[in-house]
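Inspection log for the structure reproduced underneath, given as structure tokens.
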Ligand code: URA
């Protein structure tokens, strides 16, 4: 049996006591964990030590590279188009990938979106798209490359071959209270994006009540760390810092978020969803060599919609099929005249989850028809009896717990009261130093 070069307990002690791990130590740790030599309980202790004491930038880079080395790397060099990807750290009502990928692809750019499923209160892009009858999330590497070359946009499930060490570590973090940690989030996201082989990447890093990291300063630190990791690995990377104190758009769920995305692709849709889609598209197209692309025109004239329809059809979906509707609905109305001054993202995300739109365990199914449709946004004037939002579920018994989550989550004030929405939607931009 080969002699192991390090003792994992020594490495855990080093991090526990605030020390720094060397490149060979991190390489070995990740390799040994992937092959099962380092046990889950040892890696849990390491993750907690990192959570509590942080990591220096060189350690984060080494961790990212070691996770990339644990699996395969895709190669887009054979494509005739530039590649540019987008990643969001996740939020409530965040369906932006759905209109964004076809919009950018309609400019002749390849958009490889390897996406995930939702866990907890943030939805997953694949769950949303699976509301479309026939649509298939799993593609072989050959199908993936052929669709990128032909249609330009692909949203599909990430295979287990990309950064498998991250898959294992992320599942462990999920059950050990070690998710909200900048070195671990940055290395997790960037190992998958770098292994995927995209030439350019735009990050949507959220802050606010519905985000992983609520504090804008911590979100900026996460964005800076990820931009640096991407840049060092030769991926042109830019990040936008965006506000997740209020749900994005008017739909929170799965089928209803697809419906809202199609409205954006048809040239309509809620102003905040359009604003963020357009801003991210501009960043992506600039990185792909088209800084002057007229993004709004592609939404108005149907080019983005044509690409969407081609993307859905290429993966077996019927873009004209009706989407699932909830069997039961419950509408909450304004109890007085005034202005909606607060609508907190996190409780609305939790309520949609309790209605069945999200899952508590990885293996649970989601209810594609369940979710929440908002009828008013912060700053809107409302009159007594006017619908504020509608809950949808397949079983009316779910309404009570969803309404409990929403207790105190929205507020009607007087005209002139300050609107508590955390400020502008796009709060900053981070590029390589
Ligand atoms: N998404 C990831 O892929 N990893 C994290 O750690 C957090 C969000």
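The values are calculated or read from the model by the stated rules, or taken from the named source; none is laboratory data. These numbers come from a predicted model, not from an experiment. Heads up, the Cβs are rebuilt from the backbone with ideal geometry, glycines too, and the neighbour counts pull from every protein chain shown.
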Exercise. Pick from 206, 168: which is within 11 Å of the ligand (Cβ to nearest atom) and either within 14 Å of the chain's Cα centre (by Cα) or modelled with pLDDT under 95 (or both)?
Worked result: 206
Exercise. Pairs, please: C-beta under 9 Å, at least 6 apart or cross-chain, first residue at positive phi and in region 404-425, second in a loop (DSSP other than H, G, I, E, B)?
Worked result: 408/344; 422/208; 422/209; 422/244; 422/245; 422/246; 423/245
For this session: Go through region 87-112 residue by residue and tally those that are within 16 Å of the ligand (Cβ to nearest atom) and closer than 15 Å to residue 283 by Cβ.
Result: 4
Exercise. Do we have residue 355 as part of a strand (DSSP E or B), touching a helix residue (DSSP H, G or I) at 6+ places or on another chain (Cβ under 7 Å), at pLDDT 95 or above and under 20 Å from residue 251 (Cα atoms) here?
Worked result: no
Problem set entry | Members of region 267-300 that are more than 18 Å from residue 428 (Cα to Cα) and outside any loop (DSSP other than H, G, I, E, B) | 271, 285, 295, 296, 297, 298, 299, 300
Problem set entry | Pick from region 138-148, criterion assigned to a helix (DSSP H, G or I) and exposed (fewer than 15 other Cβ atoms within 10 Å of the Cβ), ranking: nearest to the ligand (Cβ to nearest atom) | 141
Seminar exercise, completed: Only unsatisfied item for residue 265, checking (1) assigned by TED's automatic domain parsing to the domain that holds residue 404; (2) surrounded by 15 or more Cβ atoms within 10 Å (Cβ to Cβ), is (1)
Exercise. Out of (1) loosely packed, with under 15 Cβ neighbours inside 10 Å; (2) in contact with a strand residue (DSSP E or B) (Cβ under 6 Å, 6 or more places away or on another chain), what's the single condition that is false for residue 400?
Worked result: (2)
For this session: Mind telling me which of the residues 55, 67 ends up being within 16 Å of the ligand (Cβ to nearest atom), assigned to a loop (DSSP other than H, G, I, E, B), crowded, with 23+ Cβ neighbours inside 10 Å and at pLDDT 95 or above?
Result: 55
For this session: Hey, could you check region 99-122 for residues that are at pLDDT below 95 and assigned to a loop (DSSP other than H, G, I, E, B) and say which is surrounded by the most Cβ atoms within 10 Å (Cβ to Cβ)?
Result: 121
Exercise. If we scan region 216-229, do we find a residue that is more than 30 Å from residue 375 (Cα to Cα), surrounded by fewer than 24 Cβ atoms within 10 Å (Cβ to Cβ), without any contact (Cβ under 8 Å) to a residue 24 or more places away in the chain and more than 13 Å from the ligand (Cβ to nearest atom)?
Worked result: yes
Problem set entry | Conditions (1) touching a residue at least 24 places away in the same chain (Cβ under 8 Å); (2) farther than 18 Å from residue 168 by Cβ: number failed by residue 5 | (1)
Exercise. Considering region 365-397 alone, what residues qualify as being surrounded by 15 or more Cβ atoms within 10 Å (Cβ to Cβ), part of a loop (DSSP other than H, G, I, E, B) and touching a helix residue (DSSP H, G or I) at 6+ places or on another chain (Cβ under 9 Å)?
Worked result: 366, 367, 368, 369, 370, 377, 394
For this session: Can you confirm whether region 40-48 contains a residue that is exposed (fewer than 15 other Cβ atoms within 10 Å of the Cβ) and over 30 Å from the mean Cα position of the chain (by Cα)?
Result: no
